[in-house]
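A quick write-up on the structure given underneath.
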Amino acid sequence: MKKKKILVLTGGGDCPGLNAVIRGIYKAAMTHGGYEVYGCIEAFNGLLKDPIEIIKLNKRIVGGIHVKGGTILKTTNKGNPLEFPMLQKDGTYKYKDISKALVKKIRKLGFEAVINIGGDGSQKISQALYEKGLNIIGVPKTIDNDLSATDLTFGFSTAVQIATEAFDKLVTTAESHNRVMIMEVMGRDAGWIALHTAIAGGSEICLIPEIPFDIDVVAKKINKRYKKGKGFVNIVIAEGAKINDKIVGKHAEGDANIKLGGIGNALRQALEKGGCPADIRVTVLGHTQRGGTPVAFDRILATAFGVKAFEMVDAKKYGKMVSYTNNEVTETTLKKATSSYNYVNPKHYLIKTAKALGISFGESP
């Protein structure tokens, strides 16, 4: 009997736990029998190259990968088939929808289904390809925790752990030198990493995209911490937080998404310009939050997601995404999963918790 072929790929930014999902899919497929699992290199880009870059997974390739960060299949955020960047002779890029040809190619290669492991942008691509007739299942991946149809995404807990450990180290050096330490964390348009880190680490100030902050309020909070030139303040700021109603970042060639980063230094400059007397230092964690070994919880969640994704393929539940809801690994539609962004609600219990601890969000009175 001819075995059915599944194609697995990882898209968008890398994330701790991706390899555990790949391993979970493969092991579940082998336990079930009747399937072969293939990996597409660099998201959908592997299908678009000549020759194509696809590998057949086996025990040797997936053995022990659940403890490793990154993804053995590589990834990219520049391979959106709906807006594929085409390099022109003059060095500029034009964007073209090649999704129809992509679906046709996947079918021609004989794949029963595709499992797309990715975040909000990747799952929007999954939904578009499903509407074009592709048998596809989504697996939610993002350190930002910004997908609304799942309570948690794997990678988030690891990112928070990394950020908290870094913050703990900054607290001691801030206290030793009577300094203001600003730590910039990832999260794009959602402040979940910053919020969790601020509470776990005991921050005095937490600045997130969802709550506009007033630089004068932040300065006042800092000044209250200093007496006769002595004191210290630790600030966590999300990369997507706005200063003077503007985000800080820039566009890269061939990528339509803005690259966030620099808000920590922008905050430092604004405080110094406003006359803040404290000695201010900035630490940007950047991609350290995306790398390294996933914590145990993320390994478990990612593995469960991989097994569930295979079960959904076997049951032909296409056009859906794996979800973690009310402590259960379940499923939802891709359409619902991408219908709204998971912002931090200013009335969320963790916001109330933080405020009860005296953490300031820099809000105007």
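Coordinate-derived values only; no laboratory data. Bear in mind the structure is a predicted one, so any value in this text is a computation, not a measurement. Methodologically, a virtual Cβ is constructed for each residue, glycine included, from the backbone with ideal geometry; neighbour enumeration extends over all protein chains shown.
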Segment 282-306 and segment 15-69: distance between their alpha carbon centers, rounded to Å: 18 Å
Unsatisfied cross-links (Cα-Cα over 32 Å) in the set LYS221/LYS259; LYS2/LYS104; LYS141/LYS230; LYS68/LYS352; LYS2/LYS78: LYS141/LYS230; LYS68/LYS352; LYS2/LYS78
Neighbour-count ranking [beta-carbon atoms within 10 angstrom, fewest first] of CYS276, CYS15, CYS206, CYS40: CYS276, CYS40, CYS206, CYS15
Residues with amide H under 5 Å from that of GLU331, placed H, sequence gap 5 or more: SER323
For segment 177-251, the Rg and Dmax computed from alpha carbons only, in angstrom: 12.8, 44
Shape call, segment 1-111: gyration tensor on alpha carbons, a/c limit 1.5: oblate
Relative exposure of LEU195, LEU357, LEU82, judged by other C-beta atoms within 10 Å (fewest first): LEU357, LEU82, LEU195
Directionally averaged shadow of segment 260-347, computed from the convex hull of its alpha-carbon atoms, nm²: 9.7 nm²
Burial ordering of PHE297, PHE84, fewest other beta-carbon atoms within 10 Å first: PHE297, PHE84
Diffusion constant of segment 290-333 at 4 °C, which comes from Stokes-Einstein with the Kirkwood Cα-pair radius and 1.567 mPa s, µm²/s: 114 µm²/s
Kirkwood hydrodynamic radius (C-alpha pairs) into Stokes-Einstein, segment 142-281, 4 °C and 1.567 mPa s, D in µm²/s: 83 µm²/s
Kyte-Doolittle mean at least -1.0, axial Cα span of 18 Å or more - DSSP H helices of the chain: 18-32, 156-177, 296-314
Principal axes of segment 1-57: Cα extent on each, largest first, Å: 33, 29, 11
Separation of alpha-carbon centers, segment 160-200 and segment 329-360, rounded to whole Å: 20 Å
Alpha-carbon Rg with Dmax, taken over segment 24-63, Å: 11.5, 33
Label-to-label distance, nm, for residues given as HIS287 and TYR349 (7 Å Cα→Cβ offset): 3.7 nm
Cβ-defined net charge surrounding CYS206, 15 Å radius [Lys, Arg +1; Asp, Glu -1]: -1
Cα-derived Rg over Rh, computed across segment 214-313 with Rh taken as Kirkwood radius: 1.16
Lys/Arg +1, Asp/Glu -1 at C-beta; the chain dipole; positive extreme among GLN269, MET1, GLY286: MET1
Estimated [θ] at 222 nm from DSSP helical runs (n ≥ 4, -39500 (n - 2.57)) normalised by residues in the chain, nearest 500: -10500 deg cm²/dmol
Of LYS59/LYS317; LYS224/LYS355; LYS3/LYS100, pairs whose Cα-Cα distance is over 19 Å: LYS59/LYS317; LYS3/LYS100
Rh (Kirkwood; distinct C-alpha pairs) - segment 59-132, Å: 14.7 Å
The chain: most fluctuating residue of TYR324, TYR341, TYR349 per GNM, C-alpha cutoff 10 Å: TYR349
Cα-projected label distance for GLU328 with LYS169, points at 7 Å along beta-carbon direction, nm: 4.2 nm
Sequence-distant aspartates and glutamates (8 or more away, or on other chains) whose Cα lies within less than 17 Å of LYS336: ASP120, GLU131, ASP146, ASP151
Most mobile of SER339, SER99, SER176 in a GNM of the chain (Cα contacts under 10 Å): SER176
Zero-based 10 Å bins, Cα pair distances in segment 104-151, whole percents: 26, 49, 20, 5
Debye intensity ratio in log₁₀ form over the Cα atoms of segment 116-223, taken at each q of 0.14, 0.16, 0.21, 0.23 Å⁻¹: -0.66, -0.79, -1.10, -1.22
